[in-house]
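The values are calculated or read from the model by the stated rules, or taken from the named source; none is laboratory data. Predicted model, so just to flag it, every value in this text is computed and none were measured. Cβ placement follows ideal geometry from the backbone for every residue including glycine, while neighbour counts extend to all protein chains displayed. Please note that ligands, DNA and RNA were not included when accessible areas were found on the heavy atoms of the full protein model with its side chains. Shrake-Rupley method; radii C 1.70, N 1.55, O 1.52, S 1.80 Å.
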Amino acid sequence: MNDKKAVQVHHGFWLKLLALAVISGAATAVYLLAYLPRERTAKQLDAAAAVRRITPPLVNAALVKRASPSTQLMLPGNITPITEAYIYARAAGYLKQRYVDIGDHVQAGQKLADIEAPDLDQQVSQARAALAQAQGQLGQSQAALDQLTATRDLAAITWQRYQVLTAAGAVSRQDGDNQSTAAKTSAANVVAQQKTVRATEEFVHASQATLDRLLALQGYERITAPFAGFITARNVDVGALISAAGSSLGPVRSNTAGPSDTPSGGEMFRLAEIGKLRILIAVPQTNAPGVRVGQAATVTVQQIPNLSFPGKVTRTSESLDAQSRTLLTEVDVENPKGALLPGMYAMVSFVTDRIDPPFMVPDAALMVRSTGTVLAVLRPLTPEEQKARAGEIDPATLDRVRRVHFQTVQPGRDYGVELEIPNGLEIGEEVAVDPGDAVQEGALVQIAAPNSSQEKPR
């Protein structure tokens with residue numbers, strides 16, 4: 001009985017010893033697997049926090065560079081005919097016959113319409129009769145001049161004879177004076193008749209000029225094309241009343257540009273030559289120095305996306321518009337197949353040279369503030385600042401530390417990814433890209449080191 005009890009006591013001792021060993025092992029495992037890594041992580045976090053407190057925040061940066069000395073400029077414009085005429089008539093009357101309609105191609109000098117003007121025809125007949133009457137009066141005046149000239153000559157000869165007789169005393173002095181007066185009177189009558197003949201000649205010239213003017217107006221009864229082209233508008237029809245100013249007195253539509261079969265008042269026809277077209281565009285002041293006469297251009301329209309048309313700058317206004325600050329430029333384009341139509345909206349692109357190319361920075365670097373648009377320029381630390389920070393920051397990090405300075409700039413052309421800055425920067429300067437709240441005036445920042453997952457500063 002005592003032996004059994006001793007065995008039980010012995011087993012209980014070993015069980016307690018085993019339980020104590022298990023508990024001690026578990027505690028050791030918990031310490032090794034949980035507490036030590038946690039303590040090590042806490043120390044690393046504390047160390048990282050300490051380093052972070054003295055290390056400037058990271059920012060992405062990009063280098064400032066110059067834009068290309070030549071750039072492609074694309075501007076909108078309206079296509080217009082190189083030559084366009086609004087055709088009016090000088091003769092007043094009714095439209096007798098119309099020979100063309102919109103869309104017809106006509107040659108230079110081709111008849112477009114006839115105007116019936118009977119009152120003008122009567123005026124021509126009256127002018128012819130007046131000219132004939134003036135010419136008859138001129139003949140009568142010339143005949144009277146010839147008669148008076150003969151009378152003057154006879155009176156002069158008679159006076160010469162009486163001079164001899166009077167000197168010899170064969171006739172009285174009174175008879176001599178009468179012959180002298182008759183000779184002078186005949187000479188004066190000839191001079192007066194000569195002036196009458198000249199006045200009659202001027203009247204004939206005036207009558208001829210009146211007839212020529214009416215004949216010229218009568219010629220306007222026949223409307224012809226001044227040059228070859230297409231009829232783009234017709235505002236008259238047979239029977240329409242044409243005013244003395246040449247415009248039609250027909251009805252006026254509320255929308256003259258809208259399609260309609262009712263002619264509207266205004267010019268009789270509109271003629272355009274579309275074999276060669278012109279496009280007037282407004283070039284901004286920044287690009288105006290790079291535009292020159294003879295420069296090549298490319299014209300495109302949205303309706304023909306796969307086709308472009310070569311053009312050329314033919315002239316510029318050589319002066320900027322005071323309101324828009326743009327240079328009026330004309331680009332001519334050949335259109336032999338008629339693919340382009342007047343009135344189309346076109347885009348004109350050409351390469352312009354820039355005397356002083358602007359700076360280029362990422363679009364994301366620009367910041368808009370109440371004071372204007374600014375860039376966060378990252379300036380290197382001075383030697384004194386580097387020396388003061390040498391004990392706090394490791395040398396590799398210190399080389400990437402910069403001080404922030406907000407530079408006010410005027411943005412230029414935006415390319416979507418990059419932005420032009422006309423002035424205020426220098427080549428090789430660094431600017432912050434997508435700056436955060438940590439980027440403040442005078443603050444220290446650290447340029448992020450480029451790696452595979454981070455875009456390199458440009």
query: Taking into account only those residues within region 302-332 that are β-branched (Val, Ile, Thr) and without any contact (Cβ under 8 Å) to a residue 60 or more places away in the chain, which is farthest from Pro69 (Cα to Cα)?
result: Ile304
field: Qualifying residue in region 71-81 (condition: in contact (Cβ under 8 Å) with a residue 40 or more places away in the chain, out of contact with any His (no Cβ under 6 Å at 6 or more places or on another chain), surrounded by 13 or more Cβ atoms within 10 Å (Cβ to Cβ) and part of a loop (DSSP other than H, G, I, E, B))
entry: no
message: Need pairs with beta-carbon distance below 7 Å; first residue aliphatic (A, V, I, L, M) and within region 46-69, second at pLDDT below 75 and open to solvent by less than 40 Å² (accessible area, probe 1.4 Å); sequence gap 6+ or separate chains.
response: Ile54/Ile393
task: Kindly provide the set of residues from region 334-374 that are touching a residue at least 60 places away in the same chain (Cβ under 8 Å), open to solvent by less than 50 Å² (accessible area, probe 1.4 Å) and among the β-branched types (Val, Ile, Thr), ordered by number.
output: Val348, Thr352, Val361
Members of region 110-132 that are open to solvent by less than 40 Å² (accessible area, probe 1.4 Å) and in contact with a strand residue (DSSP E or B) (Cβ under 9 Å, 6 or more places away or on another chain): Leu112, Ala113, Asp114, Ile115, Ala117, Leu120
field: Selection within region 401-446 - closer than 26 Å to Pro383 by Cβ and among the hydrophobic types (A, V, I, L, M, F, W, C)
entry: Val401, Val404, Phe406, Leu425, Ile427, Val431, Ala432, Ala438, Val439, Ala443, Leu444, Val445
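Checking the conditions here, which among Ala240, Ala245, Ala257 is modelled with pLDDT under 90, closer than 19 Å to Ile115 by Cα and surrounded by fewer than 18 Cβ atoms within 10 Å (Cβ to Cβ)?
On the way: Ala240 fails: surrounded by fewer than 18 Cβ atoms within 10 Å (Cβ to Cβ); Ala257 fails: closer than 19 Å to Ile115 by Cα.
Result of the check over Ala240, Ala245, Ala257: Ala245.
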- request: State yes or no: is Arg315 within 18 Å of Met347 (Cβ to Cβ) and out of contact with any helix residue (DSSP H, G or I) (no Cβ under 8 Å at 6 or more places or on another chain)?
  value: no
message: Residues that are within 22 Å of the chain's Cα centre (by Cα), at least 2 per element: which strands (runs of 3 or more DSSP E) completely within region 300-387 meet that?
response: 304-320, 326-334, 345-353
statement: Output for Cβ contacts, cut-off 7 Å, separation at least six or different chains, first residue within 24 Å of Arg213 (Cβ to Cβ) in region 131-151, second assigned to a helix (DSSP H, G or I) and open to solvent by 80 Å² or more (accessible area, probe 1.4 Å), reads Ala134/Phe203
